[in-house]
Amino acid sequence: MPWVRFDDQYPIHRKVAGLSDTAFRLHSAAIFWCARNGTDGFVPEEDLDQVCAQVRNPARFAAECVRRNAWHDAAYACDSANCPGPQKEGGWVIHDYLEYQPTKDENETARKEMQTKKSTGGKLGNHRRWHVNGVTKPDCPWCPSVSDGSPIGGSDPYPIAPARPDLSLVSVGNQSAGRNARGDPEIDEILKTIIETLYDQTSRVINAGWAAKVRDTILTGQPVDDPVAYVKAAIENEPDPKTRFLEHYGGIA
């Protein structure tokens, strides 16, 4: 459904403010009618009665709109780029209609884009509903890759990760088992900090095995007084943590 746009100066514009109440109503209703019918500001003479049922003798008030230069004859070759150009049929054109209103083609393009987004959103909703707790589908563009949780197909305009990392994805929430389902190393406080800090910085979730690689890269075998705080600060201070620490972006060769 198309929308219409009005500048906040519309009712006090010289051409509009000078209209009688009935002509003002016809003029305003005609803008909505043109948007609804995709005429780009053209009001056919044969359709004038349908523009506003409350206006009796609309031709009289259409003539008033022409006198105020709010409308002009449809055959007139207006030099404004915001008018659709001369029409073969009899009628009127709302002057500068296209200054604020999109064309029929623009509305159609927007409608198709919205349909695509809705379709994409529906598929993403199914992904979020069914592909959870480690369940992934190779042909699903939103199922995370093993390394960092990024989409494996195309870009995702919607976030696929929760507000904070879903630690069940990497078995941090159940440390009693010691290891996650993929046989990754034991998740200690250092790995947990790496997982959470990288998520905060990149919005990507990594597994414990990759977190261990990040840990080894940062610490490089050197002893530090507080390794948890050290790795956290190293990630937060890294200018581009994605390309340095995430496999999907070429990090840690």
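The values are calculated or read from the model by the stated rules, or taken from the named source; none is laboratory data. Bear in mind that the values here come from a model prediction, so they are computed numbers and not experimental data. Every residue, glycine among them, receives a Cβ derived from its backbone with ideal geometry; neighbour counts consider all protein chains shown. Protein only, heavy atoms only, side chains kept; ligands, DNA and RNA dropped before computing areas. Shrake-Rupley method; radii C 1.70, N 1.55, O 1.52, S 1.80 Å.
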Practice prompt. Return the Cα extents of segment 26-94 along principal axes one, two and three, sorted largest first, each rounded to a whole Å.
Written response: 32, 25, 19
Worksheet item: Expressed as a whole percentage, what fraction of the accessible surface of segment 192-253 belongs to carbon and sulfur atoms when a 1.4 Å probe is rolled over the protein heavy atoms?
Response: 45
Discussion item. Just to verify a number: FRET efficiency for ILE252 and GLU113, C-beta to C-beta distance, R0 = 35 Å, to 0.05?
Written reply: 0.35
Worksheet item: Just how much of ASP7 is accessible, in Å², when a 1.4 Å probe is used and the result is rounded to the nearest 10?
Response: 60
Practice prompt. Heavy atoms only, probe 1.4 angstrom, no DNA, RNA or ligands counted: give me SER80, SER203 ranked by accessible area, highest first.
Written response: SER203, SER80
Worksheet item: So what's the projected area for segment 1-115, the Cα convex hull averaged over all directions, in nm²?
Response: 7.3
Worksheet item: Which order, highest average first, do 14-22, 94-102 follow once you tally other Cβ atoms within 10 Å for each residue and take the mean per peptide?
Response: 94-102, 14-22
Worksheet entry | Under 13 Å from the Cα of LYS15 - aspartates and glutamates, other chains or at least 8 residues apart | GLU64, ASP96
Worksheet, complete the sentence: Restricting to lysines and to Cα separations under 28 Å from LYS117, and discarding same-chain partners fewer than 8 apart, the set is LYS104, LYS137, LYS242
Worksheet item: Hey, quick one: spin label on HIS13, modelled 7 Å out along Cα-Cβ, who in segment 86-101 has an amide N within reach, i.e. under 17 Å?
Response: 92-101
Worksheet item: Of all the Cα-Cα pairs you can form in segment 198-249, what percent are over 15 Å apart?
Response: 42
Discussion item. Can you give the FRET efficiency to the nearest 0.05 for ASN57 and GLU106, using r as the Cβ-Cβ distance and R₀ = 25 Å?
Written reply: 0.15
Worksheet item: Roughly how many percent of the accessible protein surface of segment 15-120 is carbon and sulfur, given a 1.4 Å probe and a whole-percent answer?
Response: 45
Discussion item. From the phi angles alone, apply the Karplus equation (6.51, -1.76, 1.60; θ = phi - 60°) to segment 73-89 and give each ³J(HN,Hα) in whole Hz, x where the residue is Gly or Pro.
Written reply: 4, 5, 7, 6, 8, 5, 8, 6, 5, 9, 10, x, x, x, 10, 6, 7
Worksheet entry | Contour minus Cα-Cα distance for LEU98 and GLN50 (0.36 nm per residue) | 15.1 nm
Discussion item. Quick one: 3J(HN,Hα) in Hz for segment 36-42, Karplus 6.51/-1.76/1.60 with θ = phi - 60°, rounded, Gly and Pro as x.
Written reply: 5, 9, x, 9, 6, x, 8
